[in-house]
Structures are given as structure tokens and as C-alpha cells.
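First the structure, in the form of C-alpha cells, and then the observations on it.
The values are calculated or read from the model by the stated rules, or taken from the named source; none is laboratory data. Keep in mind that this is a model prediction, so the values were computed, not measured. Positions of Cβ are backbone-derived with ideal geometry, glycine not excepted, and every protein chain shown enters the neighbour counts.
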Amino acid sequence: MSTGPELAGRLALVTGAGRGIGAAVVGALAEQGAHVVATDVDADAVRATAAAAPERVTARALDVTDAAAVDRLVAETEDTLGPLDIAVNVAGILRGAPVVDLDDADWAAVFAVNTHGVMHVSRAVARRMTARGRGSIVTVASNAAGVPRSGMAAYAASKAAAVMFTKCLGLEVAGRGVRCNTVSPGSTLTDMQRAMWADSPEGAERGRRAVIEGDLATYRTGIPLGRVAEPSDVADAVAFLVSDRARHITLHDLYVDGGATLVA
């Protein structure tokens, strides 16, 4: 039985790695011995992520909505660093509004990142992974993909599409040794979550309590475990799914939400 880091010698690509869950995923994979190509549309932010472990993390600017740029980065990564074993889709944005007030541009922007970006990255790496007969792809979605959320139609729909896309891809590539899973967080202490709380006149603490306690007016349950997730909670789930301990798990959607959706 090996006593070394369980991802030693593996190469991973992580999108949305400039902050929050993406940065935590980079840290978790690097800690387990992987070399991580950390990408984000914000070049400065992703360089800061890489600075925490420069010997194990390579920073690259990437706009996941640009399919040609994704293809180039994947090709360059494999040409210079070797074959990718792991890909994790974390890049995502939120534009919240009731549907009757939702702007077409906001709808398109959310799908461009949260759904099209997942397809661009997953397709590029799956083409190469299937040729080698191995690999693991994880998409970080949201529990909003499975439960209606007031004012979040674009985000929830884009994440639901990303979940089903990842499962369909997983079905297609399973016979060629590639596993595809999703992790669906609930409320997590990220900049995105804090921005939602900033709209509350009572501030972040009131927003945090409201999430934990639930809100009958918006038909939202609370969090049974009584806490808001840290990015590391989600990153640990991702690290498990890409490891050999999860070698017989594919097409799975793992909720990391403290029970908030009551396994809906």
C-alpha cells in the first residue's frame, strides 16, 4: 500500500482557480501531490493562487467561453507538461433577477460561462483522455440545479444543464476509462456568496443566519448541519472523486450542502 500523496505524478487542470472554490480545489489537489494548471479569466488572481505552491501549480489565464482558447491551452499543457489526468470545471458566474426582469445579456453571459465553458473544457480534455484510456473530469455545479430558487433562474438552469451534460459525457466515455462526476455545493463562503449578502441592510452576519435558518417567503429550507460551507469542504469532495478511492464512481452528483436540499 502506497504511503505517498495519492495524486502524486498526476497532472490536473482547474478552471475558475483565481479565488473561492477553484483556489481551494487547486490547493487540495496540489497537497495530494498533483501538478495543477490553475486557470482563470482573472490573470492576477490565478497568479496569486499559484504563488501559494509555485512548485506544484502553474498559472494560466483562460476565458472558458472561448472554445479555441480552451483547445489551445489544453494542447499547450500536454505538449509542455504531459498528459492531463484530471480536469475540474469550477469557473462560474451568477446574475440574479426574477425572470420577468432578466436581461437577455445576463442570461447569455451565465450560460456562456457555466454551461458552454464546461462543455468547451470537458470536450477538449475528453478527446485526449479517451485516446489514452484514463482520466477523471469533475464539474462543480450547485444544489440550485436540483431545487428551484427565486431570482436565480439563469444560474440554476445553467448549472442543471452542466450537471446533465457531465452525466451524458460520462456515459459516452465510461467504456474508455474516463470517469465524469459533479459536485453540487450549497451556500459556501465565497465572494459570490458574500456579494449576495451585501444586498442585505443588516450585512453579512444577517445574511449568513438567514441562509442557515431558511426563508419561508422564498420557499427556501435552511441548512440542517447549521453551518455555511467553507471552500475546502467542496474541494475535499472534488479531491476524493478524482482519486483512485473513487475509481468505481461515475455519473454521480455529490451534494455538499449540509443537507439544505433534503436530498431533493
ask   = Taking only pairs six or more apart or across chains, which ones have beta-carbon atoms under 8 Å, a first residue in the range 86-100 that is within 23 Å of Asp191 (Cβ to Cβ), and a second residue that is among the acidic types (Asp, Glu) and in a loop (DSSP other than H, G, I, E, B)?
value = Arg95/Asp103; Ala97/Asp103
query = When you scan the range 237-248, how many residues do you find that are surrounded by 14 or more Cβ atoms within 10 Å (Cβ to Cβ), more than 12 Å from the chain's Cα centre (by Cα) and touching a residue at least 12 places away in the same chain (Cβ under 8 Å)?
reply = 4
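Residues checked against (1) crowded, with 19+ Cβ neighbours inside 10 Å; (2) under 30 Å from Ala126 (Cα atoms); (3) modelled with pLDDT of 90 or more:
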site	(1), (2), (3)
Gly175	no, yes, yes
Cys180	yes, yes, yes
Gly203	no, no, no
Tyr219	no, no, no
Tyr255	yes, yes, yes
Gly258	yes, no, yes
query = Residue check, His248 against (1) in contact with a helix residue (DSSP H, G or I) (Cβ under 8 Å, 6 or more places away or on another chain); (2) within 20 Å of Thr182 (Cβ to Cβ), all met but one. Which one?
reply = (1)
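Can you pull out the residues in the range 107-165 that are over 21 Å from Val263 (Cα atoms) and in a loop (DSSP other than H, G, I, E, B)? So that I can check it myself, show each step before the final result.
Residues of the range 107-165 over 21 Å from Val263 (Cα atoms): 107-137, 151, 154.
Residues satisfying the conditions are Gly133, Arg134, Gly151.
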